[in-house]
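All remarks here apply to the structure that follows.
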Amino acid sequence: MSSTRSFVARTLMWAGVACAATGLTVAPAAAEALLVIEADSGKVIFAHNAGQPWYPASTTKLMTTYVTLRAVKEGRITLDRPLVVSANAAAQSPVKMGFPPGTVITVDNALKMLMVKSANDMAVVLAEGVAGSVENFADEMNNNARRLGMIQSSFVNPNGLPADDQIVSARDMAILARALIREMPEYDYFWHLPGIRLGKMVQRNYNTLLGRYPGADGMKTGFICASGFNLVATATRDDRRLIAVVLGAPSSAARALKAAQLLERGFNSNSGLSWLMPSLGTVESVQPVDAAPPNLRDEMCGGHRKRPATEDEDEVIGANNNPDSPYGVFLSSLQPPKAKGAAALLQDAKMGEPVLVYTGTKPPAPGSQAAGDAKKKTAAAKPPTGKDAAKDTAKDAAKTGTATAAAPSGEATLSKPKPKPKAPAATDSSKDGASTATGDGTAAKPKPKPAPKDAAKDGASPTAAAVPAGDGATPKPKPKKPAPKPAAMDLTPAAAQQTSQTQQAR
């Protein structure tokens, strides 16, 4: 018994110190909604304005994910099903992947981009892929909300962009998060991905509790000017999972800080003194408030701010790298001191490697897929020459990325294939500055016969075909032979194709 009391005392003391160190007061601000519940039982641990209607912003994407995964479980779609980016999806703003219309992407990759980058275009891609249109998908969102008991929620779009009728509450978002956890445990990884990697682009999850707050394992952030900074966060300790909801925080750092405080309060609620706290019932028993959602536009995006607030800002790193800042002090109280300052702690945080995402239906091959494919297709597009030197030249062009620029001139790409017919070497060397032609002037005459054969294969012009009639007696017509020109015409499309493939891969 004494050991239990000692443990409780130490826990309460640590919680008090952490709360004091962060500079947070017990009483939350009026213009925010807070809630923390147990995921298994739905028991409410703490609530403030939890029944107040609110604009969800990108926490809407939790419902988009729920509807999409239900369609997968029902067999209507599969995770590897290819979807096409429509013009409507490509027109979404401001946070998006930015793929052009016609781009193909699988359901699995779209979900990962949706949950990590909060990509608004991917939300529309999923909506159109699952239900045929945004309007039909919104109907499915609302039907599922009613079935789950989200009595204050209404949806008109899948991404949470500003709309007067796009409304939720902290109560309803906790119900939705609980449904995701309980109904879809096999897809749990979607809401705690550390980041995504697409080519050279790496995007870390906006939920800054992941990899930093002990036990954090989800879920989704959101921001629009009218809503402020929102966060639905989950964490698990000792097989006990909690759900915290923060709506209307003034910054991304503040929402993470408040969510961590709620979770800490929840994990400490099982102490020996918990019987002193009045029961708040379950999340379904939270009373809804009959009121309009608060509009925080002036507060969040007014002219008094030094810079406009945006969902993709990283205020944790940009504005809180001072170890004396509230978030810096809070981080240092959660993790062993590996380095000085919050910035070092953030760099050392082990969030895990970002997962690979890609366009198309198949993952890229190891290494540089775009470069590899470009080389293969460039070589395949040049069967007319068929010479080792020409292949080497094509490889060099692919490596340097100058095939498109070199092809029009004709000399840079054809200086090596034509030493075989040594006759034009002297003339070509003066044009190309090729050192190999200088020592071959005498051997140039016996070699013209293979050149016409290649020219015939290449579909050379009648003038070029007539050159062999003069044979070695008239080597000068050789340089006039427009063999480089048809070859250049053949190479130019290949180079253009190579360039377009490289751009598409990026």
### Message
Could you give the length gained by full extension between Val104 and Asp188, i.e. 0.36 nm per residue of separation minus their alpha carbon distance, to one decimal place?
### Response
27.8 nm
### Query
What is the extension gain from Val84 to Ala31, computed as 0.36 nm multiplied by their sequence separation minus the C-alpha to C-alpha distance, in nm to one decimal?
15.0 nm
#### Entry: Burial ranking of peptide ranges 152-159, 101-108, 191-198 (average Cβ count within 10 Å, highest at the top)
152-159, 191-198, 101-108
### Query
Once label points are set 7 Å from the Cα along Cα→Cβ at both Asp238 and Ser41, what is their separation, rounded to one decimal in nm?
1.4
### Task
Past 28 Å, Cα to Cα, is the threshold; run Lys73/Lys258; Lys73/Lys220; Lys43/Lys117 against it and keep the listed order.
Lys73/Lys258; Lys43/Lys117
#### Entry: Paired Rg and Dmax values of the range 144-300, which use every Cα atom, in angstrom
16.4, 55
### Query
What is the set of long-range amide H partners of Asp40 at a cut-off below 5 Å, with H atoms built 1.01 Å from backbone N?
Arg241
### Query
What is the distance, in nm, between label points placed 7 Å from the Cα along the Cα-to-Cβ direction at Lys362 and at Arg297?
5.0
#### Entry: Cut-off under 5 Å, modelled amide H: who pairs with Phe46 long-range
Val36
### Query
Pulled fully out, how much extra length does the chain show between Glu74 and Gln287, if you take 0.36 nm times their separation in residues and subtract their Cα-Cα distance?
73.4 nm
### Task
Starting from the Cα gyration tensor of the range 62-165, take the square roots of the eigenvalues, sort them a ≥ b ≥ c, and report rounded, prolate or oblate (rounded when a/c is under 1.5, otherwise prolate if a/b is larger than b/c, else oblate).
oblate
### Query
For labels at Asp139 and Ser279 in the simple 7 Å Cα→Cβ model, what's the distance in nm?
4.2
## Note on the structure
Scoring only Lys, Arg, Asp and Glu (+1, +1, -1, -1) among other residues with Cβ under 10 Å from the Cβ of Pro158 yields -1
### Query
If all Cα-Cα distances of the range 80-228 are sorted into 5 Å bins from 0 onward, what percent lands in each bin, rounded to whole numbers?
2, 9, 16, 22, 24, 17, 9, 2, 0
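All of the numbers you see were taken from the coordinates with simple rules; none came from a lab. Computed from a prediction, not measured in an experiment: that's the story for all the values here. Here the Cβ is made from the backbone with ideal geometry for all residues, glycine too, and neighbour counts use every protein chain on show.
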